[in-house]
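These notes are about the structure you will find just below.
Any read-out appearing in this document is the output of simple, stated calculations on the displayed coordinates, not a laboratory observation. Because the structure is a prediction, the values reported are computed rather than measured. Note that we place each Cβ from the backbone using ideal geometry, even for glycine, and neighbour counts take in every protein chain shown.
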Amino acid sequence: MISSMTGYAAVTREVAAGSISLTKQIDCENGVWRVGDDPIRDSHQWQMLTPSQILMVSSNIGTAKIGLELGRAGLHKTLTRFGFGEPTGLELPGETAGNLRHYKHWYDLDAATIAFGQGMSSSTLQLAIAMGAIANQGRLMEPILIKRIVDPQGQVVRQALPQVRRQVVPQSVSRVVTDMMIGVTGEGGTGVEAAIDGYLVAGKTGTAQKADPLRGGYSKDKWTAAFVGFAPAQKPRLLIAVSIDEPMIAHQGGAIAGPVFRRVMQASLRHLGVPAESNGTLAEQVRVRQRPLNEVPPALASVDGADAPWPLVAAPPRPAMPAAPGRGELLVPNLIGQPARAALARARKAELAVRIVGSGVVTRQEPIPWSRVARGSQLTLHLRAPVDSEATESLVLPEPKGGELSDAKGVIAPRAVRVAGTVPGRGRDG
């Protein structure tokens, strides 16, 4: 399979070396660029893009220019550091090392095309291990096929422990690249179909022409579509690599492999009990970190001038102070700011029937928080997707203890404050 990860590897190396600015504008030549007499094309007519945007939209031209800045030796070293061109060491017979020629044997065009994955090959496992280096704070790990072997008596005969092969890039660089790859599954990125409600997903799409062994060169109608990513992006639990050989309907990695990744990852996170994170806000903070400091959107500024950690949501009216619930009654939990899945779980745990209106984040609920109702009563939750707003109010609704609200401090502040709660967002890919 042609590698879909070399572009991000090249960008990572440049970031680690400090030789490229994340705000640098790179000319993507309006979709066509020539290296000598050979044209390199993008799927869209991009013009000036930053390195983050180049990864987000999978620009071949932008990636090629970054690869050329690295130079032949630098690009080859980067790829080998990420594990390309060498066996993974997994205990499987017949494993291929892929094809990565030494840079001394490259033609002039190779330094450009290898940067975005043509002129070399890799296995899906190599893609997963390379991406895993970013998920594991810059450490390239030894792959494990069999975690533990036990005998009939239950005694452990052999156990594989995590081992670091090498530190590929500093931890700080891995965080920056993670932020950049979150953009791939964000609005305008190539991996929108891999985004998962309630979680930040970092990843990279791959769309590769297959080599034609009969005629030479690359086939015009045979492709490999791939998506490799991990989630939750800020605290990774799982990494999944999906490769679709010769897809029939379409051939783009995001459109073909992205949905498979999403379904498998979503089911796996649910099985492991990984809670949804405050996706929308974290995604916005990631976008802010990628902008110049003077371009921080007003919606993230709190009243005291600090960056607010949560998006702003509308405040409900101040509830009355009820007495402790009587027999067969309960206090309605505060679900303002919660993602749909988390709010539904809490409401059901409280033995309330739930009606959901809309999607995204809970912005209003009926009855209001801490109302005294009978068990089994219906709770209506009004949801909406997080949006940037300069004038939306927010509130802090502290949870009461033991049914008493008299000790709750700052109940529904009359001015905008930071919301205490988790707020998800929807990553979108392109």
For every other residue with a beta carbon closer than 11 angstrom to the beta carbon of LEU49, add +1 if it is Lys or Arg and -1 if Asp or Glu, then tell me the sum.
-1
For the residues PHE116, PHE230, PHE82, what sequence is obtained by ranking on other C-beta atoms within 10 Å, fewest first?
PHE230, PHE116, PHE82
At a 10 Å Cβ-Cβ cut-off, how would you order MET48, MET181, MET56, fewest neighbours first?
MET48, MET56, MET181
How do LYS147, LYS204 line up, fewest other C-beta atoms within 10 Å first?
LYS147, LYS204
Is the shape of the stretch 85-182 best called rounded, prolate or oblate, per the rule: a/c under 1.5 gives rounded, else a/b larger than b/c gives prolate, else oblate, with a ≥ b ≥ c the square roots of the Cα gyration tensor eigenvalues?
oblate
As a quick test, which of the pairs LYS24/LYS210; LYS65/LYS204; LYS77/LYS147; LYS65/LYS220; LYS24/LYS104 have an alpha carbon distance above 27 angstrom in this structure?
LYS24/LYS210; LYS77/LYS147; LYS24/LYS104
Under a Cβ-Cβ cut-off of 14 Å, what is the net charge of the residues other than SER268 that fall near it, where Lys and Arg count +1 and Asp and Glu count -1?
+4
Among 231-241, 60-70, 152-162, 88-98, the order from most to least packed when residues are scored by Cβ within 10 Å on average:
60-70, 231-241, 88-98, 152-162
Listed by chain and number, the residues whose amide H is under 5 Å from that of THR380, excluding neighbours fewer than 5 places away on the same chain and using placed H, are ARG355, GLU366
Could you go through the stretch 344-354 in sequence order and give the Karplus-derived ³J(HN,Hα) for each residue, using 6.51 cos²θ - 1.76 cosθ + 1.60 with θ = phi - 60°, rounded to whole Hz, and x for Gly and Pro?
5, 5, 5, 5, 5, 5, 7, 6, 10, 7, 10
